Protein chains: 2
Amino acid sequence: MQNIFILGTGITKFGELWDVSPKTLARQAFNEALAEANISKNKIEALFVGNMMSGILGGQEHLGAFYADVLGLRVPAFKIEGACASGGLSSHAGINAVLSGMYKTVAVLGIEKMTDHKPEDTASALMGAGSEAERMSGATFPGLYAILAQAHMKKYGTTHAELAGISVKNHFHASLNPNAQFHSKVTVEQVLKSPPVSDPLTLLECSPISDGAAMILITSDRKLTKGNPVKIAASAVATDTLGLPERESLTELAATKVASQKAFKIAGLTPKDVDVAEVHDCFSIAEILALEDVGFFKKGEAAGQIEKLTIGKSGHLVINPSGGLKACGHPVGATGVKQIVEIARQLKGLAGKRQVKNAKIGLTQNVGGSGATAVVHILKK
Amino acid sequence: MQNIFILGTGITKFGELWDVSPKTLARQAFNEALAEANISKNKIEALFVGNMMSGILGGQEHLGAFYADVLGLRVPAFKIEGACASGGLSSHAGINAVLSGMYKTVAVLGIEKMTDHKPEDTASALMGAGSEAERMSGATFPGLYAILAQAHMKKYGTTHAELAGISVKNHFHASLNPNAQFHSKVTVEQVLKSPPVSDPLTLLECSPISDGAAMILITSDRKLTKGNPVKIAASAVATDTLGLPERESLTELAATKVASQKAFKIAGLTPKDVDVAEVHDCFSIAEILALEDVGFFKKGEAAGQIEKLTIGKSGHLVINPSGGLKACGHPVGATGVKQIVEIARQLKGLAGKRQVKNAKIGLTQNVGGSGATAVVHILKK
């Protein structure tokens, strides 16, 4: 892959931002990214917007032109949607656009405003990510991931306490992240005793409903980058069946495996080379699947290793230093972009109290639906 | 721009297709495109889906993975949305993906199912293409384009009979197109006497609510193309303000001008080189604006020239041989892709009774909203 770079990153606070409009969120992320990149906005040649639910929940579509207008950019603009992988897919599309030679410098905005609506409407809209059969049957995403958890526990003996450890680690990380939705630490006991959502998953194993925006600026223009910029070493996407019933296995997300293998091949790297990763922990079980399917651990072996993936306790690899979807928050269209923001900042040493020491190679894994889409990016210092 | 080609095209009947599901429409367009290309589906490396309203109207999002599943493609898949320009933007994204070197051969599907819902719901969903202020004020797209028509008539003396001539030409073309929604020819008098919608626009000056799908296969792989394939000479996108009140002029669509100038520059061609074009005639006035803003005519001079742009009467240039959005139909996400299908078939001599003689260079112009997005493609034999 030719040399292209993360030129700047921007991110807003994630959380229940009742008093902040989507337009304000977009402007905050954009201004922060421009400041970090130290460029003026007239360098931006195209805009890619990742968002899932603005149409269903708010009736507003045409978000490419909408946010180009909001940000004062008279440039080609695109909305890319792929459920909770909208941010990852937008990043991939932005990277393609730069690699194509059509554009030198582009902005990718991930954004979602989920709390301005009745919770039942938001929950219903989220099912737009799944198959018709799943939607019509009344299935919910906690329910679908609970099925994956049950299958994994049965096949590999994964325990509920091990799953709960994911939330413990990610809440600890979020306590170090000023932009995170939650700053409370939790214990395994608290996770297990929190209200049941869909057996075995409890409330503290489920990512929250969130508002937030994130932005990355991507460039091929070496004149704009300073010093030792973060390089995009790989971007890969894969798909699987939309619904669980058609899957070959319920103990893996095949799309994550395919996208990861492709990404490592493009980058000329292996899972052992990765120092820090942001993976898609929409539910506790999802992080276990990610750790195994990306290739950090063999199948069935991740669950016993979670505590070691914590900042300060890590032998080598740290997972979800931002707090992940669980504790940093999960504004769905923003998540895939926010993961890249976090990894780019870790590689540049800008991660404050949650800085992973000597991080040189980082990875992001973003999932849409119950695994129908997976997007993997690898960044390098 | 490096050499990339239209490898195959597929299109369904456009119209009120009550008894056909979106899945069936997608399969029909895909199978036709594969047959024309004479390749098997395992050559397809990525899928780009243009659609606007599946989420708002049907609750189904994640359409990249959805249609990859429907078409039996386990490949990276993306939904790109930009209102009525969704098809054009998806084509541009597919072209970027091939130019990037990430993918050799990709499929672009434009699809929309608009008739399965209450007409007032569809009309309301369409306003998702406009600005918040326009939506909240109760404006409709016929109303917004009526404002553009009024401004053009006032400034350039364009007459209502001249606007009606657009519908006469496009209905005549559609009468030659077996896939068109309408096969009825109309007269200027009939257009003027049809029910008023928004002054001056009458019912027969407004594009219909339609179902339909279109597909193009794009490749950089010269081994897959036979003989003298259709080349993509340029693809360009531009944006303007989402709402009309912020525009500098109400007698042009600035985004069309910018995208066209960029496309002609990339292709090394001028408007005079174009033999046949599909332009975005969502309302009669929109075709006038397109003809002027693309550069076929000077401002204020297109209206008197419409009849000459008819198949068989053309000195040189034919506009909307398919019947355009007005008479071939306007399934919004499909339109931008269908325009490319039509032009590719014209250049290959596959256009049957509506074949434009000796067509060597063709253009498409696709608009989102009231001109906030414009996408221009130039194809060459």
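For the reader, a short list of remarks on this structure follows.
- With the label put 7 angstrom out from Cα along the Cα-to-Cβ vector, A:H316 ends up 6.8 nm from the copy partners, going from closest to farthest.
- Spatially, segment B:341-356 and segment A:197-221 are offset by 48 Å when compared through their Cα centroids.
- Put simply, the C-alpha atoms of segment B:1-58 give a gyration tensor, and the ellipsoid matching it has half-axes of 25, 15, 11 Å, longest first.
- With contacts taken as Cα pairs under 8 Å and at least 6 residues apart, chain A reaches a relative contact order of 26 percent.
- If you look at the Cα atoms of segment A:199-310, you get an Rg and a Dmax of 16.8, 54 Å.
- The Stokes-Einstein estimate for segment B:31-185, based on a Kirkwood radius over Cα pairs and taken at 25 °C with 0.890 mPa s viscosity, is a diffusion coefficient of 133 µm²/s.
- Proximal aspartates and glutamates to A:K226, defined as alpha-carbon separation beneath 13 angstrom and excluding residues fewer than eight positions away on the same chain: A:E36
- The fraction of Cα-Cα pairs per 10 angstrom bin, counted from 0 for segment A:120-177, comes to 19, 33, 35, 13, 0 percent, rounded to whole percents.
- Taking only the C-alpha atoms of the protein assembly as shown, the Rg (one decimal) and the largest Cα-Cα distance, Dmax (whole number), read 25.4, 81 Å.
- Approximate shape of segment A:290-381 as ellipsoid semi-axes (Cα gyration tensor, √5λ), whole Å, largest first: 19, 18, 12
- Chain A pair-distance distribution - Cα-Cα, 10 Å bins, rounded %: 6, 27, 37, 24, 6, 0
- Measuring how big segment A:113-266 is from its alpha-carbon positions, Rg and Dmax come out at 19.0, 55 Å.
- Over 31 Å between alpha carbons, listed pairs A:K154/B:K23; A:K23/B:K13; A:K223/B:K381; B:K41/B:K113; B:K118/B:K360: A:K154/B:K23; A:K23/B:K13; A:K223/B:K381; B:K118/B:K360
- Cut-off under 5 Å, modelled amide H: who pairs with B:V49 long-range: B:F78, B:K79, B:I80, B:L109
- The per residue volume of the convex hull around the alpha-carbon atoms of segment A:261-332 is 96 Å³.
- Beta bridges assigned by DSSP with both partners in chain B are antiparallel in approximately 70 percent of cases.
- Normalised by the number of residues in segment A:75-226, the mean separation of alpha-carbon contacts (under 8 Å, six or more apart) gives a relative contact order of 31 percent.
- Annotation: segment B:257-298 has a Kirkwood hydrodynamic radius of 10.7 angstrom, from the mean reciprocal C-alpha pair distance.
- With contacts taken as Cα pairs under 8 Å at a separation of at least 6 residues, segment B:35-104 carries a relative contact order of 36 percent.
Taken together, the values in this text are just the output of simple stated rules run on the coordinates, not laboratory data. Worth saying up front: this structure is predicted, and the values here are computed from it rather than measured. Cβ coordinates were reconstructed from backbone atoms using ideal geometry, including for glycine residues, and neighbour counts include every protein chain displayed.
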